[in-house]
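The values are calculated or read from the model by the stated rules, or taken from the named source; none is laboratory data. Because the structure is predicted, anything quoted here is derived from the model rather than measured. Here Cβ is always computed from backbone atoms with ideal geometry, including for glycine, and neighbour counts include all displayed protein chains. The accessibility values were calculated without ligands, DNA or RNA, using every heavy atom of the protein model including side chains. Shrake-Rupley method; radii C 1.70, N 1.55, O 1.52, S 1.80 Å.
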Amino acid sequence: MKGKIIKSTGSWYQVLELETHKIFEARIRGKFKLIKTRLTNPLAVGDFVEFQLEQDDIAWITKIEPRRNYLIRKSVNLSKEAHIIASNIDLACFIFTLKHPETSLGFLDRFLACCEAYNITPLLLFNKIDVLHEEEIEIVKDIEFLYQEIGYDTLEISSYSRLNLDQLQELLKDKTSVFFGHSGCGKSTLVNALQPGLNLKTSEISDTHLKGKHTTTFAQMYFWDFGGNVIDTPGVREFAMIDIEKEEVQHYFPEIFKKREECKYHNCLHINEPKCAVIDALETGEIQHSRYATYIKLMEEAEEASQK
């Protein structure tokens, strides 16, 4: 039988049978666990699998189909390097909040680099616009403009005032999407606003640290009445890329990759080489310092990984 993983708790899964749409509780055969991997989880929500039923209608997953794409986060398990957040994604929505909590541009840039690396279409959602002052709204618009200039799509939204939610529904329709952002950025509230009746658990921002409390503890797929589905995920602290060479990192920053053709040396890494067009663009403001800082950080991580 063929199905799709729609929920993962780490040891148990829910699999949706593709023909009947019946949901089964599922486990994986031991051979999956024995495969040497740099990932903490052998299966992720969004994976297409083959399974067989045994007593009590328990499904045993026997095969995983090749993934079209996936996004991963750094693992808290020191014996492994990364954890797959979701797979086979059509649209990855990054929820940016200027405050409550504050989203760092470095976190956003790492997300975008991962989308570029794994061939996933990103959408930047600037949330909680209704709680911003006029000066803060101008800051958001400046940030939006910077990323639109690079080539990324953006949308200002609010779950409470329903700003642009109809437009967002059209973008999500008939797609498998996933929402990312810091804990407290409003992922679950947004899902509830787009699909009334789901009643996903939400929580307030911690007054002490102005950070969100984790309300989603495992990944799960929910289906929109208007068509398509969304994978709700736990708050992600840091995205990761594995098996990436440092020379490849520039491919995942469109504005840097575009400038490379103007560099004197074809193998320029844009660090301290002479007549580097990227360094020149950085000095003129054509390339943002925050983006370049993330580029250098990912280069360093790729170099460290290659030496392990």
Taking 262-270, 152-160, 296-304 and ranking on average Cβ neighbours within 10 Å, highest first, one gets 152-160, 296-304, 262-270
Lys and Arg at +1, Asp and Glu at -1: neighbours of ALA293 with Cβ under 15 Å from its Cβ sum to -3
Over 25 Å (Cα to Cα) among LYS74/LYS246; LYS7/LYS246; LYS141/LYS187 -> LYS7/LYS246
The summed charge of the ASP47 Cβ neighbourhood (under 10 Å; Lys/Arg +1, Asp/Glu -1) stands at +1
Sorting LEU168, ILE143, LEU190 by the position of each Cα along the dipole of the stretch 142-204 (Lys, Arg +1; Asp, Glu -1; all at Cβ), the one nearest the positive end of that ordering is LEU190
Computed for the chain: size of charge dipole around the Cα centre, +1 on C-beta of each Lys and Arg, -1 on C-beta of each Asp and Glu, debye to nearest 20, value 1360 debye
Over the chain, with neighbouring protein chains present, the accessible area per residue in Å² at probe 1.4 Å is 52 Å²
In the chain the cysteines whose Cβ sits 4.7 Å or more from every other Cys Cβ are CYS93, CYS114, CYS115, CYS185, CYS276
Semi-axes (Å, rounded, descending) of the ellipsoid equivalent to the chain per its C-alpha gyration tensor are 34, 26, 16
With the charge dipole of the stretch 2-66 built from beta-carbon charges (+1 for Lys and Arg, -1 for Asp and Glu) about the Cα centre, the Cα from ALA44, ILE5, LEU18 projecting farthest to the positive end belongs to ALA44
SASA check, THR176, accessible area w/ 1.4 Å probe, all protein chains in place, rounded to nearest 10 Å², comes out at 20 Å²
Percent relative contact order for the chain, counting Cα pairs under 8 Å at least six residues apart, stands at 15 percent
For the chain, the percent of accessible surface on carbon and sulfur atoms (probe 1.4 angstrom, ligands and nucleic acids excluded) is 49 percent
Simple spin-label estimate for ASP57/SER11, 7 Å along Cα→Cβ, in nm, reads 2.3 nm
quick note, the chain, DSSP beta bridge pairs, % antiparallel (nearest 5) is 60 percent
Here the Kirkwood hydrodynamic radius of the stretch 243-303, Cα-based and in Å, equals 11.5 Å
